[in-house]
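The values are calculated or read from the model by the stated rules, or taken from the named source; none is laboratory data. Note that this is a predicted model, so its numbers are computed, not measured. Every residue, glycine as well, gets a Cβ built from its backbone with ideal geometry; the counts of neighbours run over all protein chains shown. In case anyone asks, the SASA skips ligands and DNA or RNA and just uses the protein heavy atoms, side chains included. Shrake-Rupley method; radii C 1.70, N 1.55, O 1.52, S 1.80 Å.
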Amino acid sequence: SQKIEQNSEALNIQEGKTATLTCNYTNYSPAYLQWYRQDPGRGPVFLLLIRENEKEKRKERLKVTFDTTLKQSLFHITASQPADSATYLCAQPQYNNNDMRFGAGTRLTVKP
Amino acid sequence: ETGVTQTPRHLVMGMTNKKSLKCEQHLGHNAMYWYKQSAKKPLELMFVYSLEERVENNSVPSRFSPECPNSSHLFLHLHTLQPEDSALYLCASSQTTGGTEAFFGQGTRLTVV
């Protein structure tokens, strides 16, 4: 079955730097990928969706890329702030489109 | 607020108890989901409802029983749970089951003793 791997359990960076989080998948390429933010004790919040025919998507300080050759999506936060500290999840649909599978997440800490 | 409300926020229950988790959305969405989130594990999809019909059951034990009486409400009935069922249970909704963003509730932190 499809596997989604977020290869860093935790990432620590300094305020003002760019955070880059990775999401890799195996087997087939999904029609789209989603990224969510989750704060402790709360449900995930949707951030961005990128489709297979889009190489890049931006929203304010966020940028997502989708490389179907590498089977990888990168999530960037530029000019990072301590308020960006959270767990970031990538998600993609299974072949039947009913089943959204999530990666384990990367816990980002931005230090002042 | 995401527009998806879950109650209760916290629940402690014994292994012989019966309890229910409630989820409510007034976003006009047609799809609703139950997810389980255990420590250091990915979100696990449990059930998917589309237009009040269950379209997916991901091999969830029968001690978890979902109910979707209408498009705005989703329940998860619990009985004879095990301590390993302790987790954060998240409800989500989306416009349809494919290609649209999911809106999550705050979750119910369940502890089985």
For the stretch A:17-42, which residues satisfy the criterion of being basic (Lys, Arg) and assigned to a loop (DSSP other than H, G, I, E, B)?
A:Lys17, A:Arg42
In the stretch A:63-112, what residues are within 14 Å of another protein chain (Cβ to nearest Cβ), surrounded by 14 or more Cβ atoms within 10 Å (Cβ to Cβ) and more than 22 Å from B:Leu90 (Cα to Cα)?
A:Val64
Just wondering, is there one or more residues in the stretch B:62-82 that are part of a loop (DSSP other than H, G, I, E, B), out of contact with any Gly (no Cβ under 6 Å at 6 or more places or on another chain), without any contact (Cβ under 8 Å) to a residue 24 or more places away in the chain and open to solvent by 50 Å² or more (accessible area, probe 1.4 Å)?
yes
Looking at (1) over 23 Å from B:Leu88 (Cβ atoms); (2) touching an Asp or Glu at 6+ places or on another chain (Cβ under 8 Å); (3) in a loop (DSSP other than H, G, I, E, B), which is the one condition that is false for A:Ala104?
(1)
Between A:Glu54, A:Glu60, A:Glu15, which is at pLDDT below 95 and among the charged types (D, E, K, R)?
A:Glu54
